[in-house]
Structures are given as C-alpha cells and as structure tokens.
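One structure is given here, and the rest of the page talks about it.
The values are calculated or read from the model by the stated rules, or taken from the named source; none is laboratory data. Computed from a predicted structure; not experimentally measured. We place every Cβ from the backbone using ideal geometry, glycine too, and count neighbours over all the protein chains shown. Side chains included, ligands, DNA and RNA excluded: accessible areas come from the protein's heavy atoms. Shrake-Rupley method; radii C 1.70, N 1.55, O 1.52, S 1.80 Å.
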Amino acid sequence: MRIDILTVLPEMIDGCLNCSILRRAQDRGLAEIYLHNLRDYTTNKWRRTDDYPFGGEAGMVMQIEPVDRAISALQAERTYDEVIYTSPDGQRFDQPMANRLSLLQNLIILCGHYKGVDYRIREHLITLEISVGDYVLTGGELAAAIIADATVRLIPGVIGDEQSALSDSFQDGLLAPPVYTRPAEYKGWRVPDVLLSGHERRIAEWRLQQAQERTERLRPDLLREE
C-alpha cells in the first residue's frame, strides 16, 4: 500500500508516521507513506496556500491551485483508489472503514487546514471525506495519522500476530474483553481464574461474555447499530 499525505505542516506528523508499527510496515516493504508539503506546489513567492474567503467570512481558506497541482502530479504517476479529505463533516471513520481501506493499493489524504478548503476541491478532486470525530482540530494532520495507522496495521504481515488485529475492539461490533499478564496476583488483585485454567472453550466463552457486558455498559450505541 502507498499513502501520500498532502499537508502544510509535514513536521507535525513526520514522527508518528516513522516509528512503531508504521515504521515496521515501511521497513518490510508492506507500506509506503510519503508526506508532501503543499507549499512546494504554490506559484507565489511567499509560498502561501491560503487566502481570504469570498463573501467576507472570518478565517482563511486553502486555495485550490496548490492542491490541484499536488494531486495532479501524483495521479500522473499512478492510479489512486481514493483521494481522501479529512473534514469534521465527512463520513465517520470506524473499524469497518479501516478494514476496507486496508484492501486498497494507493491513497491520497489531503489534510484540511485553516477555515477549510475551497469547496471546488471537494466537488471535483476528492472521492471520500472522512471525519475522526465530532470535534474540530487545528488541522487534518492528526486525523491523517489516525487513518494511516488504523489502516496500515491491518495489512497482512505488518503485525506479527495477525490474530491480534482481528481480535481488536470493534472488529466484531464489540469492545475487546479485558486482558491480563504476569504476575497472576498483585497486591491481592487476582487474574480471573478462568484465564489460568487452560480450558480453551471456557476462556472463549468468558471473553465473549466480557466483551458483550463491556459493550453494553460502555458503548451501548454499538449494539443499537446492529
């Protein structure tokens, strides 16, 4: 998989895209992640990517020209499955969407900034708008990092134990059950006996019961979506 991220602040997410699981995926040749500074696609001597909005509204708007130039340059080199825009009014990002994106080959992610982008970008250049939650960030860089991380970790071979990713919260519409490790007892706090029993069927039943109970208590909305 290849992910190209268009941003005015590449330094904001360079670190998180080049460590841990994402770094491992790139080192293994399973993913390529590139940051592109939109200022490199400007034609003015100040390298500005924004301007005042027509109509006099407060704030600044990302201009269409540098975004179009950047996307066009990338699309001239390869075909992209999706051109994504991070926006608070996009489709809600969730595990099923991450699963779907992980099956694709080439993605462009445009990080929103300022008051937003010239709407013509969304009308003519973007194929998918994604929101990571009902709140507003300074820019779309952190949202792009979330999308990249959640997607790339699902690619076969990225995580050593692929069953680990398949048993994450939300994969089956439920929150994950509690997990424990050594020591079996600490300050009088014991690990549930069933997990120490070695009885696989009982352990599986316990995990399912715990997942269902935690989902009903903490995220009942997930059950209502079924």
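In percent, rounded to a whole number, the relative contact order of region 4-124 is 31, using alpha-carbon pairs under 8 Å and six or more apart. Using only Cα coordinates, the Kirkwood hydrodynamic radius of the chain works out to 20.0 Å. Based on Cα contacts under 8 Å between residues 6+ apart, region 169-222 shows a relative contact order of 48 percent. The angle between the Cα long axis of helix 200-218 and the longest principal axis of the Cα atoms of the chain comes to about 50 degrees, rounded to the nearest 10. In this structure the amide hydrogen of ALA31, modeled in the peptide plane, comes within under 5 Å of the amide hydrogens of GLN26, none closer than 5 places in sequence on its chain.
In this structure MET60 has an accessible area near 40 Å², from a 1.4 Å probe over the protein heavy atoms. Take the Kirkwood radius over Cα pairs of region 169-222, plug it into Stokes-Einstein at 10 °C and 1.306 mPa s, and you get 130 µm²/s for translational diffusion. Largest first, the residues ASP89, ASP149 sort by 1.4 Å accessible area into ASP89, ASP149. Full extension of the chain between GLN209 and THR79 yields a length gain of 42.3 nm, computed as 0.36 nm times the residue separation minus the alpha carbon distance. Sorting TYR80, TYR41, TYR119, TYR114 on solvent-accessible area from highest to lowest, probe radius 1.4 Å, gives TYR119, TYR114, TYR41, TYR80.
A Förster distance of 41 Å, applied to the separation of the beta-carbon atoms of MET60 and ARG23, puts the FRET efficiency at 0.75.
DSSP assigns beta bridges within the chain; of those with both partners inside it, close to 20 percent run antiparallel. Shape call for region 38-133 from the C-alpha gyration tensor, a ≥ b ≥ c root eigenvalues: rounded (a/c under 1.5), prolate (a/b greater than b/c) or oblate? Oblate is the answer for region 38-133, as a/c is 1.5 or above yet b/c matches or exceeds a/b. Between LEU218 and VAL179, the modelled label-to-label distance comes to 1.3 nm, taking each label 7 Å out from Cα in the direction of the beta carbon. In a DSSP loop and with at most 16 other Cβ atoms within 10 Å, the trypsin sites (Lys or Arg not before Pro) in region 61-99 are ARG78.
Our summary gives the chain a relative contact order of 21 percent, counting only alpha carbon pairs under 8 angstrom and 6 or more residues apart.
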